[in-house]
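**Q** Before I ask anything, here is the structure I am working with.
The values are calculated or read from the model by the stated rules, or taken from the named source; none is laboratory data. Source: prediction; values computed, not measured. For neighbour counting, all protein chains shown are included, and Cβ atoms are generated from backbone atoms with ideal geometry for every residue, glycine included.
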Amino acid sequence: MDTWTADIWNGNEEECKRILNEPGNWEKVPLLFDDKIALGTFVRFKGMIQDMLNPEYYSSNYKIINSENDEFTLCQAKYHSSTKNLKPGEEVVFGDTLMERQILACIPIPGLNEWAKDVTNTNQNAESQLEENISKRIRLDPACQKYPKEIFIFVYPEDINSNELKLNQIVEVVGFLDRRTIQDDNGDLEGQSSIAKETHCIHAVQLKLLKTLIPDNEEMYKSIWNDAPNIYAELKFVLTQALLGDSLAADYLLFYLVSTIYNRQTVLVPGKFSLNIRGIPHDIGQSYTKHLYSLISYLVVKSEYLPIQIHTMNNRI
């Protein structure tokens with residue numbers, strides 16, 4: 001898969017899909033973690049859908065014609081953002097067949113804690129294999145996904161059902177890295193002109209909706225449930241100490257951490273559990289809050305520390 005290009009995929013789509021869908025191969029596709037990866041590389045990206053732009057239309061194929069001898073080369077436009085570089089005396093003639101592709105604006109998963117990034121995506125359990133592959137697996141792991149920028153994902157309806165996609169969904173895509181000039185939709189606002197910006201994009205060949213960020217591991221879940229009483233006792237002890245000896249507050253915090261949204265009624269969210277902790281001594285207030293958050297960040301997959309201050313609110317919201 002390291003040598004795959006968009007043209008190879010177009011010419012051998014069924015075989016490429018078969019190879020990609022073999023157990024373990026999806027995780028071998030390198031994650032996009034910086035902007036130094038060569039354009040055209042087959043990459044994987046995990047992020048959140050932040051915006052869904054208007055679909056665009058493109059010619060499914062085009063010809064590169066040599067004006068000196070009238071010879072031509074037929075090229076596929078799918079999974080490409082632009083035509084191939086032309087030599088002197090060559091010109092492009094676009095085909096009449098138009099196809100549609102959806103554009104998703106995605107960002108790296110907000111608030112993802114470091115320990116969750118360090119969870120490996122492989123299912124190999126043998127310790128010897130782990131030791132032998134540790135350097136390679138670290139490179140392929142989400143911990144290396146430090147790409148801070150917005151990424152535009154091009155979704156092709158014939159490959160992926162875009163009707164299932166919604167804002168704020170967490171997705172993982174594999175596809176070909178490219179660059180594109182994207183027209184910003186802010187031009188719809190009165191008094192603002194449309195802004196064009198060049199950015200990285202991925203032409204997706206397959207996409208997964210992620211319901212959980214931690215890979216399923218049946219053995220791990222069985223082990224946790226079998227040892228649940230001891231785990232609860234240890235967690236409560238740690239949280240009690242962190243909450244200055246208040247065991248009742250420790251129970252509330254633990255219930256808060258495992259609570260979830262279980263129902264929605266219009267704009268109301270029954271089941272959402274907010275927790276306020278008060279009575280913290282003034283002399284340790286600021287440093288204590290940071291240390292408590294640090295502890296919580298080791299217990300949950302996603303979290304965000306946001307001090308309620310004017311400067312912070314103006315710069316982060």
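**Q** Only one residue in L104, L112 is modelled with pLDDT of 80 or more, of a type in the set (A, V, I, L, M), in contact with a Lys or Arg (Cβ under 6 Å, 6 or more places away or on another chain) and at negative phi, so which one is that? Even if it seems obvious, please write down each step before you answer.
**A** Numbers: L104 fails: in contact with a Lys or Arg (Cβ under 6 Å, 6 or more places away or on another chain).
Every option except L112 fails the conditions.
**Q** Kindly establish whether K63 is among the charged types (D, E, K, R) and out of contact with any strand residue (DSSP E or B) (no Cβ under 9 Å at 6 or more places or on another chain).
**A** Answer is no for this residue.
**Q** Read through the list (1) out of contact with any Ser or Thr (no Cβ under 7 Å at 6 or more places or on another chain); (2) in contact (Cβ under 8 Å) with a residue 60 or more places away in the chain, then give the number of the only condition that G40 fails.
**A** Only one criterion is unmet by G40, namely (1).
**Q** Failed condition for K211, given (1) at pLDDT 70 or above; (2) closer than 30 Å to S82 by Cα; (3) not aliphatic (A, V, I, L, M), with all others met?
**A** (2)
**Q** Which members of the range 99-119 meet the condition of being among the small types (G, A, S), in contact with a strand residue (DSSP E or B) (Cβ under 6 Å, 6 or more places away or on another chain) and within 10 Å of V301 (Cβ to Cβ)?
**A** The answer is G111, and nothing else.
**Q** Still on this model: With respect to L244, is the statement that it is at positive phi and modelled with pLDDT of 85 or more true?
**A** For L244, the condition - at positive phi and modelled with pLDDT of 85 or more - is met.
**Q** Moving on. Any residue at all in the range 214-235 that is within 28 Å of A38 (Cβ to Cβ) and either assigned to a loop (DSSP other than H, G, I, E, B) or at pLDDT 90 or above (or both)?
**A** no
**Q** Look through the range 298-316, keep the residues that are loosely packed, with under 13 Cβ neighbours inside 10 Å and aliphatic (A, V, I, L, M), and return whichever of them is farthest from the chain's Cα centre (by Cα).
**A** I310
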